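J.: I'd like to ask some things about the structure below.
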Amino acid sequence: MTIESFTFGTQGGVPVPGFKLHNRLGVTMKVVAYGARLTELQMPDAHGRLADVVLGFDTLEQYQASDAYMGATCGRYGSRIRRGAFPLQGETVHVSCNEGVHHAHGGGEGFDRKVWKAQIDAPANRVVFTLISPDGDEGYPGAVVASASYRLSDDNVIEIVMRGQTDRTTVINLVHHTYWNLAGHDAGDIRAHRLHLPADFYTPIDDDLVTTGEVRSVAGTPFDFRETKSVGRDLPAVPTASGGYDHNWCVNGPAGELRLCAALADSGSGRALELFTTEPGVQFYTGGHFRESVIGKGGRRYGQYAGLALETQRFPDSPNHGHFPSARLAPGEVYEHRMEVRLHAGAGVTSPSDRTE
């Protein structure tokens, strides 16, 4: 596995570093310091033909102008917090509201908008991004030192590790926000992709797309992906303002242990992936807000359902629901969120695409 560095534009006159990781099987990915984000993933299909399977933009300026969080590390709290307020140590914390009256993905100037410090950890074959979030950043208490690292192995596994430490009790939920289209970022539609989510429960949302606090069984609902099915099969029955799925699934198995949370496959190309996480939840979003006005890589217009996101996480609005997995972080503790994306093509496609509980 090799790592090369490049410059991905400038912000405030300062170069924004980027890195290209390449393995012996021909997979290449690019990550950049703006938002500690994944911007490109070239992956072969069943016949060895390469395609970029993540949505994104060609330039730094396009990322700066977008609010789609493409490929970004979101924080300090990814996902939504109702009305930008939550209780913490006997007080009410107020954070910025950037999605109507609610807080989303860390606020208007969240971690996705920052240029992280970057370095190559050569012995570990990985790129490490670090960020210092000061006390009061977007309203959050305590200073946080955050990191996000990327590693591409020679057996086609992408390892993403997010960590954080604080000097004052706070909440944290770092979320990786890549949009996938295994047929290619410019293929246009992910509804034929086949998806497996090993989760018996999900958390319903209201008309503002904010979690209500209820935990509901997936049985007999459009949210049941315990047996693999196409993304689009039950999509018309999902009543949300986002025009599709934008919900959190409660991943089966103990949080803190790396376990399967999603398997995705595209039969046309023979590409597939399995996603493993240590987190208790995964947000499945079908890109319902995309419209043709979003111009992505190579001038491609990204329309509705152009890509899907699988965001491993603490549950949305967890700080307001004591029965949800806690997002609190105290001084002396280390927050750690691990993800593995295991890529498959050709013969390997049958295993992840045909999974059942």
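J.: Convex hull over the Cα atoms of region 235-295, averaged projected area in nm²? Don't jump to the answer; show the numbers that get you there.
T.: Working: hull surface 24.1 nm².
Quarter of the Cα hull surface area: 6.0 nm².
J.: Can you give me the convex hull volume of the Cα atoms of region 72-201, divided per residue and expressed in Å³?
T.: Values: hull volume 22.7 nm³, N = 130.
Value for region 72-201: 175 Å³ per residue.
J.: Quick one: which residues, 5 or more positions from residue 281 or on another chain, have an amide H under 5 Å from its amide H? H modelled 1.01 Å from N in the peptide plane, none for Pro or chain starts.
T.: Under 5 Å from the amide H of residue 281 lie the amide H atoms of 251, 313, each far enough along the sequence or on another chain.
J.: So what is the calculated 222 nm ellipticity per residue for the chain, using -39500 (n - 2.57) for each DSSP H run with n of 4 or more, over all residues, to the nearest 500 deg cm²/dmol?
T.: My calculation for the chain gives -500 deg cm²/dmol from helical runs alone.
J.: What percent does the relative contact order of the chain come to when contacts are Cα pairs within less than 8 Å and at least six residues apart? Please list the in-between numbers first.
T.: On the way: 975 pairs, mean separation 64.0, N = 357.
Worked out over the chain, it gives 18 percent.
J.: Using the per-residue mean of other Cβ atoms lying within 10 Å as a proxy for protection, in what order, highest first, do the peptides 175-183, 108-116 fall?
T.: Working: 175-183: 25.2, 108-116: 21.3.
Put in order of decreasing packing, that is 175-183, 108-116.
J.: Let me ask something else. List, in order, the whole-Hz ³J(HN,Hα) value for each residue of region 144-160 obtained from phi through the Karplus relation with A = 6.51, B = -1.76, C = 1.60 and θ = phi - 60°; use x for Gly and Pro.
T.: 10, 9, 10, 9, 9, 10, 10, 9, 10, 8, 6, 10, 6, 10, 9, 9, 10
J.: With springs connecting C-alpha atoms under 10 Å apart, model the chain as a Gaussian network and identify which of 168, 314, 76 has the largest mean-square fluctuation.
T.: So, out of 168, 314, 76, the one fluctuating most is 168.
J.: How large is ³J(HN,Hα) for each residue in region 114-131, as worked out from phi by the Karplus curve 6.51 cos²θ - 1.76 cosθ + 1.60 (θ = phi - 60°), to whole Hz, x for Gly and Pro?
T.: Working through the residues one at a time gives 9, 8, 7, 5, 9, 8, 8, 9, 4, x, 9, 6, 9, 10, 10, 10, 10, 8 Hz.
J.: Cβ neighbours within 10 Å, averaged per peptide: list 197-205, 132-140 in order, most packed at the top.
T.: Values: 197-205: 20.8, 132-140: 17.0.
Descending packing order for the listed peptides: 197-205, 132-140.
J.: So if I take the centroid of the Cα atoms in region 214-285 and the same for region 135-205, what is the distance between those two points in Å?
T.: 14 Å
J.: Which order do peptides 287-299, 258-270 fall in by mean Cβ count within 10 Å, highest first? Spell out each step's value before the answer.
T.: Numbers: 287-299: 15.5, 258-270: 21.0.
Descending mean neighbour count gives 258-270, 287-299.
J.: Quick query: amide H of residue 85 versus all other amide H atoms, modeled in the peptide plane; which residues come in under 5 Å with a sequence gap of 5 or more or a different chain?
T.: 95
J.: Report the label-to-label distance for residue 167 and residue 121 in nanometres (one decimal), using points 7 Å from each Cα along the Cα→Cβ vector.
T.: 2.4 nm
J.: Where nothing but the Cβ of Lys and Arg (+1) and of Asp and Glu (-1) is charged, how large is the charge dipole of the chain around its Cα centre, in debye to the nearest 20? Can you show the working numbers first?
T.: Working: 33 positive and 42 negative charges, 95 e Å.
For this selection, approximately 460 debye.
J.: If you don't mind, there's one more thing I want to ask. Calculate how large, on average over all directions, the projected area of the Cα convex hull of region 156-224 is; give the answer in nm² to one decimal.
T.: On the way: hull surface 33.0 nm².
Convex hull of Cα atoms, orientation-averaged projection: 8.3 nm².
J.: A further question on this structure: Considering amide H positions built from the backbone, and no H for Pro or chain starts, which residues 5 or more places from residue 11, or on another chain, come under 5 Å of its amide H?
T.: Residues meeting the criterion, in which the H sits 1.01 Å from N, are 16.
J.: From the phi of every residue in region 264-276, what ³J(HN,Hα) in whole Hz does the Karplus formula 6.51 cos²θ - 1.76 cosθ + 1.60 yield, where θ is phi - 60° and glycine or proline is x?
T.: Rounded to whole hertz, the list is 10, 8, 10, 5, x, 9, x, 8, 8, 9, 10, 10, 10.
J.: For the pairs 114/297; 30/229; 229/297, note any where the Cα-Cα span goes beyond 23 Å. Kindly include the intermediate steps, with their values, before the conclusion.
T.: On the way: 114/297 21 Å; 30/229 31 Å; 229/297 29 Å.
Check vs 23 Å cut-off fails for 30/229; 229/297.
Each value in this text was obtained by applying a stated rule to the coordinates, not by laboratory testing. From a predicted model like this one, the values you see are computed outputs, not experimental measurements. Cβ: placed from backbone, ideal geometry, glycine included. Neighbour counts: every protein chain shown.
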